[in-house]
């Protein structure tokens, strides 16, 4: 940025030179014609002030127009510009009031040089008077209004500087120079204050001219700040040279009667610079001014990693090695800010890993078995298992903690035709439960087991093998469920030496009488196991087929 936003014109430089020459001539007590030449300089300064005022008014108008187009972006800077206007107007008016007070003190209340709120220097009668300006500005005890004026100029200067970023040193230096209130260089051992140097024993016309110059400096500082603030509207805006249409859907998977929702927008990017994107944990710090600073946690390439950038986009890839319904990830995007520095933008995302599988539903085999635990897998494509809630119409259904999508169904009654047995499924989607449908099932009784002795269900058996057994067992053959049936009673019978003998057992074990009977068996004899009863996990008692063995 240039040091001055409104450099001096040749006319302004000429006026400044004339002011310096005339000030020097005053010290030589030159003629009244020379003194009155100050009127010419003062008139030139007044014209310069008008030019600054017109320029500043135009800039205020630009702020208002810009705010109509983008209030959110422009309003903060327009408000600062309005504050500058108020500070400048207050100081300008104070100086103008001093000019009027001095002229009226010399020429009277109805001084012809004062018309409205303006002072016409070429009409001042006592233009060469040195008493009135000194009394008003310096005072008898160094307590005149020049001391108040200096304080106000310092406050105005410091206020303008406070609005400028420290990096804009050129503008700061320009403001300080234009509104400088330092004491003039010492002459020998004498130190002259700023107030005395400008207003003590100076002709009235010179004081009026000096005050006009200060008003010009006020408007000049106002102009510099307005130009600076207007540039700040876009100074912090990013410059992009590429636009891309983006469609961001809530989900690419929807259900019948559902809705597909997506955001469609333009994404802007700058192909001339490449951002840095880091994946990992980050923390944030809130500063006193309300701004938030983000930083990655840990050591790069150890605790977090950088993404490969292709055409300004980070490429993230993660293997789906473990089934997980919710994997959260995120990080920070580091992007160079306009005017220097770097902005950090946090982001978060989530995805799920599901087991690869296929659902095959044989329509004729939707069967549950009464009185036992029936395992069943329930899933809805695109919905995590924790968001699925099934209901069973004929008994109970509970979560199987051993599997991800498994459930255990236990029917309460037999339903051979499946008229009243079904599973309905609800799923939580966007925070609301939605019924996903239901499926009917038949409920059958568990098939009868088969009685066995020594693993055999009849035929030839050796006497030794028979004697080595403890009793009669019951097994269900070719059945997918593990169904432990237990024989509760049975009867053993045979013919020994032409006499029919039978002995019962009240459980599944051979009794002593039955074992004694086995000892008397000979090769070719038949032995019968009849009236076999067995109980299963469904709490029913089954009558099993009898067994017939021949001793070999």
### Message
Filter region 290-313 down to the residues that are surrounded by 10 or more Cβ atoms within 10 Å (Cβ to Cβ) and not in a loop (DSSP other than H, G, I, E, B) and list them by number.
### Response
292, 293, 294, 295, 296, 300, 304, 305, 306, 308, 309, 313
### Query
Going by the conditions given, is residue 144 assigned by TED's automatic domain parsing to the domain that holds residue 37, without any contact (Cβ under 8 Å) to a residue 12 or more places away in the chain and surrounded by 14 or more Cβ atoms within 10 Å (Cβ to Cβ)?
no
### Query
Among the residues of region 181-200, which ones are touching a helix residue (DSSP H, G or I) at 6+ places or on another chain (Cβ under 8 Å) and loosely packed, with under 12 Cβ neighbours inside 10 Å?
182
### Summary
Checked region 381-430 for anything on the phi > 0 side of the Ramachandran plot and under 38 Å from the mean Cα position of the chain (by Cα); matches are 382, 430
### Message
Among the listed residues 104, 157, identify the single one that is assigned to a helix (DSSP H, G or I) and touching a strand residue (DSSP E or B) at 6+ places or on another chain (Cβ under 9 Å).
### Response
104
### Task
Please tell me if residue 322 is over 30 Å from residue 385 (Cα atoms) and either touching a helix residue (DSSP H, G or I) at 6+ places or on another chain (Cβ under 9 Å) or not assigned by TED's automatic domain parsing to the domain that holds residue 403 (or both).
no
### Query
Is it fair to say residue 550 is assigned to a strand (DSSP E or B) and under 30 Å from residue 374 (Cα atoms)?
no
### Query
Which members of region 524-542 meet the condition of being touching a residue at least 60 places away in the same chain (Cβ under 8 Å) and touching a strand residue (DSSP E or B) at 6+ places or on another chain (Cβ under 9 Å)?
527, 529, 532, 534, 536, 538, 542
### Message
Test of understanding: among 492, 487, which residue is buried (at least 16 other Cβ atoms within 10 Å of the Cβ) and more than 18 Å from residue 539 (Cα to Cα)?
### Response
492
### Task
State which residue is modelled with the lowest pLDDT when the search covers only region 113-141 and only residues that are loosely packed, with under 14 Cβ neighbours inside 10 Å and in contact with a helix residue (DSSP H, G or I) (Cβ under 7 Å, 6 or more places away or on another chain).
122
### Message
Given the criterion over 20 Å from residue 163 (Cα atoms), assigned by TED's automatic domain parsing to the domain that holds residue 184, over 40 Å from the mean Cα position of the chain (by Cα) and modelled with pLDDT under 65, identify the matching residue among 98, 45, 28.
### Response
28
### Query
Can residue 63 be described as surrounded by 13 or more Cβ atoms within 10 Å (Cβ to Cβ), in contact (Cβ under 8 Å) with a residue 40 or more places away in the chain and within 22 Å of residue 209 (Cα to Cα)?
no
### Message
I want to confirm something. Restricting to region 262-289 and keeping residues that are outside any strand (DSSP E or B) and modelled with pLDDT under 80, which single residue is surrounded by the fewest Cβ atoms within 10 Å (Cβ to Cβ)?
### Response
289
### Summary
Picked from region 456-484 (must be loosely packed, with under 15 Cβ neighbours inside 10 Å, in contact (Cβ under 8 Å) with a residue 12 or more places away in the chain and in a loop (DSSP other than H, G, I, E, B)), the residue nearest to the chain's Cα centre (by Cα) is 481
### Query
Here are some residues: 460, 518, 485. Which one is under 30 Å from residue 422 (Cα atoms) and touching a strand residue (DSSP E or B) at 6+ places or on another chain (Cβ under 8 Å)?
485
### Query
So which residues in region 399-415 are in contact (Cβ under 8 Å) with a residue 12 or more places away in the chain and either in a loop (DSSP other than H, G, I, E, B) or closer than 17 Å to residue 537 by Cβ (or both)?
400, 403, 404, 405, 408, 409, 410, 411, 412, 413, 414
### Query
Can you spot a residue in region 165-173 that is surrounded by 20 or more Cβ atoms within 10 Å (Cβ to Cβ) and closer than 24 Å to residue 43 by Cβ?
no
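The values are calculated or read from the model by the stated rules, or taken from the named source; none is laboratory data. Since this is a predicted model, take the numbers as computed values, not measurements. Note: ideal-geometry Cβ built from the backbone for every residue, glycine included; neighbour counts use all protein chains shown.
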